[in-house]
1. How many residues does the stretch 94-113 contain that are without any contact (Cβ under 8 Å) to a residue 12 or more places away in the chain and farther than 14 Å from residue 28 by Cβ?
2. Hey, among the residues in the stretch 50-84 that are within 15 Å of the ligand (Cβ to nearest atom) and assigned to a loop (DSSP other than H, G, I, E, B), which one's nearest to residue 134 (Cα to Cα)?
3. Among the residues of the stretch 250-258, is there at least one that is buried (at least 22 other Cβ atoms within 10 Å of the Cβ) and within 26 Å of residue 207 (Cβ to Cβ)?
4. Within the stretch 121-139, work out how many residues are over 27 Å from residue 224 (Cβ atoms) and either modelled with pLDDT under 95 or out of contact with any strand residue (DSSP E or B) (no Cβ under 9 Å at 6 or more places or on another chain) (or both).
5. Residue by residue through the stretch 6-44, note down the ones that are buried (at least 16 other Cβ atoms within 10 Å of the Cβ), within 16 Å of the ligand (Cβ to nearest atom) and over 23 Å from residue 193 (Cα atoms).
6. Could you please let me know if residue 90 is in a helix (DSSP H, G or I), modelled with pLDDT of 95 or more and assigned by TED's automatic domain parsing to the domain that holds residue 165?
7. Kindly state which strands (runs of 3 or more DSSP E) lie completely within the stretch 114-198 and contain at least 2 residues that are under 22 Å from residue 28 (Cα atoms).
8. State which residue is nearest to the ligand (Cβ to nearest atom) when the search covers only the stretch 199-229 and only residues that are in a loop (DSSP other than H, G, I, E, B), in contact (Cβ under 8 Å) with a residue 60 or more places away in the chain and surrounded by fewer than 21 Cβ atoms within 10 Å (Cβ to Cβ).
Ligand code: SPD
């Protein structure tokens, strides 16, 4: 008998992965959490039947969410990751020697525990003494901590349920206020094929609130359409003065200084999404 997991990525499209074994399944107060051992992607974390990360392709997403903003900041010491309970973003943040503290603001404690137990290659840095785990609402956390962080990263689920607020202009204003001078913000902002209105709106909001905004892409095979977007904003300053020297020493498998150089070169249809009507 063959066992398959399917995610309904749009109302008219599914991705299916053949499953060796269901390693874990539970209902937390927030969502259904599952870890599946798949033939194609290794261990995979799903939340409410939506793929969040997998052992084989997680490096693309986590490296790209983290390294562009951290290298854009002159001297990142205090970093906040909102969401990202699997620990992949925290692992990448801690590759930067200047980082003194990374706060992980995750609403669902069970995601962190499940990742610790079943996804050791992704969650491996969560025990680092520089990590402070803050279980609770990331939106409230930024509201209550003005002028605190050098870099804020939003490693959220899709914009449904509790994550909706993480894609709003009010939230971006709170993020701006929670950043120290010279601060940098980046967020995962979904698929350029299937979430065009969201990408447009987020880019407009970030452009209006931050002094510089940009959008860049990466290929994440398990996410809808494969092509994925990230939106970045600088509190004061530009996005192009990043450190090549610091980038050269990073152990990565997707990110590279050459790729960073070209990161804001976008396909025409994506560039058009960012143009004012
Ligand atoms: N369609 C799923 C998008 C999920 C993005 N966040 C994933 C979290 C991995 N740390």
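1. Of the residues in the stretch 94-113, the ones without any contact (Cβ under 8 Å) to a residue 12 or more places away in the chain are 97, 113.
After this cut, where a residue has to be farther than 14 Å from residue 28 by Cβ as well, the list is 97.
Looking only at that region, the number is 1.
2. The residue in question is 84.
3. Here is the first cut: in the stretch 250-258, the residues buried (at least 22 other Cβ atoms within 10 Å of the Cβ) are 255.
In the following step, the residues that additionally are within 26 Å of residue 207 (Cβ to Cβ) were identified as 255.
Within the stretch 250-258 (the criterion being buried (at least 22 other Cβ atoms within 10 Å of the Cβ) and within 26 Å of residue 207 (Cβ to Cβ)), the answer is yes, since at least one residue qualifies.
4. Taking the stretch 121-139 first, the residues over 27 Å from residue 224 (Cβ atoms) are 124-136.
Next, from what is left, pick out any that are either modelled with pLDDT under 95 or out of contact with any strand residue (DSSP E or B) (no Cβ under 9 Å at 6 or more places or on another chain) (or both): 124, 127, 129.
So the count comes out to 3.
5. 30, 31, 33, 34, 35, 36, 38, 42, 43, 44
6. Details: in a helix (DSSP H, G or I): yes; modelled with pLDDT of 95 or more: yes; assigned by TED's automatic domain parsing to the domain that holds residue 165: yes.
So residue 90 fits the description; yes.
7. Values: elements: 131-135, 149-155, 179-188.
Because the criterion is at least 2 residues that are under 22 Å from residue 28 (Cα atoms), the strands (runs of 3 or more DSSP E) in the stretch 114-198 that meet it are 131-135, 149-155.
8. Restricting attention to the stretch 199-229, the residues satisfying the condition of being in a loop (DSSP other than H, G, I, E, B) are 210-211, 220-226.
Next, from what is left, pick out any that are in contact (Cβ under 8 Å) with a residue 60 or more places away in the chain: 220-225.
Add one more test, that the residue is surrounded by fewer than 21 Cβ atoms within 10 Å (Cβ to Cβ), and what stays is 221, 225.
Working: 221: 12, 225: 10 Å.
The residue in question is 225.
The values are calculated or read from the model by the stated rules, or taken from the named source; none is laboratory data. For clarity, every value in this text was computed on a predicted model and none was experimentally measured. Because the Cβ atoms are built from the backbone with ideal geometry, glycine has one as well, and the counts that use them run over all protein chains shown.
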